[in-house]
Amino acid sequence: MLVFTEKKVLSQHLSSIIEANKSIGFVPTMGALHQGHLSLMEQALKENDTVVVSIFVNPTQFNNIEDLEKYPRTLEADVNKMQTLSENLLIYAPDVKDIYEQKLASESFDYDGLELKMEGKHRLGHFDGVGTIVKRLFEIITPNRAYFGEKDFQQLQIVKKLVEKFQLPVQIIGCPIFREPNGLAMSSRNERLSPQARKKAAFIYETLQKSKQNFITKSAQETTEIVEKAFNKQKNFKLEYFEIADEKTLCICQKKDNNKKYRGFIAVFIENIRLIDNIPMY
Ligand code: AMP
């Protein structure tokens, strides 16, 4: 299993793969790997000759210093998990300097307004940080295909927009949300929940599923109010937002349009840990 920590060395290694006309798949992660991450790698392994996985906790996409500091860093365990999938995965686990050199700062991006909704509204600068790291990693790895989870659906749409705007020669592939047996979307943050909270957090997906049912007969506003009320009754949760929005533009649904696909998006705190999830409403 090859673990690279320097972009120069990784690029050198990849150049022979590119010369041999082999395809490169890429799965960017921040580590603390779980089955959700591994499902992305599995898909990438099926569709490419070589797969690179990056493990990098990107400081510029955190708007909360405590969240950045507490983010789990478990490289050794991550490598062991990847080994169970394939010995041939290439791992790029740089330090901050290898990526940012002297200047630890984000570039600014215009994603045609996608960055102003939901996560962008609540985590200022987050998507500038995401764009900065994704663009840099694409430059270093030059993948043919890159895999992103629908768990971070807004991020997936933002990355597609980034590729379109900069005309980057990479295909972006969205992968389904992997869930724990109780329905909770897998996340590295789940590790920070107490066992009780982890059980209770099943309520998030249960409520999303109910909202999907409600949305068949009710308006977006009515459906949203029902979700808000359900969370208000729960003393363990603090709902940050629930929105039903158009998948493409992420604009909130004011009036149902049969030509549009909608998704319900949620961000909620439990034990001060912020969890996000989403569900297609069709
Ligand atoms: P992260 O390490 O949280 O930045 O996630 C790395 C990639 O894995 C992103 O594209 C995420 O959307 C994806 N991902 C995280 N959790 C899941 C999940 N439960 N199911 C599918 N993909 C996921």
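Each reported figure results from applying straightforward, stated rules to the coordinates on display, with no laboratory input. If you're wondering where the values come from, they're calculated on a predicted model, not measured in any experiment. Counting neighbours? That spans all protein chains shown, and the Cβs are built from the backbone with ideal geometry, glycine included.
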For Ala32, distant residues with modelled amide H under 5 Å away: Thr74
Which whole-number percentage describes the relative contact order of the chain, with Cα contacts under 8 Å and a sequence gap of 6 or more? 17
Which number do you get for Rg(Cα) / (2.2 N^0.38 Å) in the chain? 1.02
Give a quick list of GluC sites (Glu not before Pro) in the stretch 35-128 that DSSP marks as loop, anything other than H, G, I, E or B, with at most 12 other Cβ atoms within 10 Å. Glu87, Glu101, Glu107
Rounded to the nearest Å, the spacing of the alpha-carbon centers of the stretch 158-216 and the stretch 32-81 is 15
Reachable lysines, given that their alpha-carbon falls under 23 Å from the alpha-carbon of Lys233 and they are not under 8 places away in the same chain: Lys199, Lys200, Lys210, Lys212, Lys218
Compute the Cα gyration tensor for the stretch 145-267, then decide on rounded, prolate or oblate, letting a ≥ b ≥ c be the square roots of its eigenvalues: rounded whenever a/c is under 1.5, prolate when a/b is larger than b/c in the other cases, and oblate in all that remain. oblate
List the trypsin sites (Lys or Arg not before Pro) within the stretch 84-184 that fall in a DSSP loop (any state other than H, G, I, E or B) and whose Cβ has at most 15 other Cβ atoms within 10 Å. Lys103
Simple spin-label estimate for His122/Glu191, 7 Å along Cα→Cβ, in nm, reads 2.3
Long pairs among Lys161/Lys256; Lys81/Lys151; Lys22/Lys81; Lys97/Lys135; Lys8/Lys97, criterion Cα-Cα beyond 18 Å: Lys161/Lys256; Lys81/Lys151; Lys22/Lys81
Report the residue, chosen from Ser39, Ser106, Ser86, that carries the largest GNM mean-square fluctuation when the chain is represented by alpha-carbon nodes joined by springs under 10 Å. Ser86
Are there any trypsin sites (Lys or Arg not before Pro) in the stretch 220-282 that are in a DSSP loop and have at most 16 other Cβ atoms within 10 Å? List them by number. Lys233, Lys235, Lys248, Lys255, Lys256, Lys260, Lys261
For the chain, take the longest principal axis of its alpha carbons; what is the angle in degrees between that and the long axis of helix 35-47, to the nearest 10 within 0 to 90? 50
Note the full-extension length gain between Glu222 and Glu76 as 0.36 nm times their separation in residues minus their Cα-Cα distance, in nm to one decimal. 47.8 nm
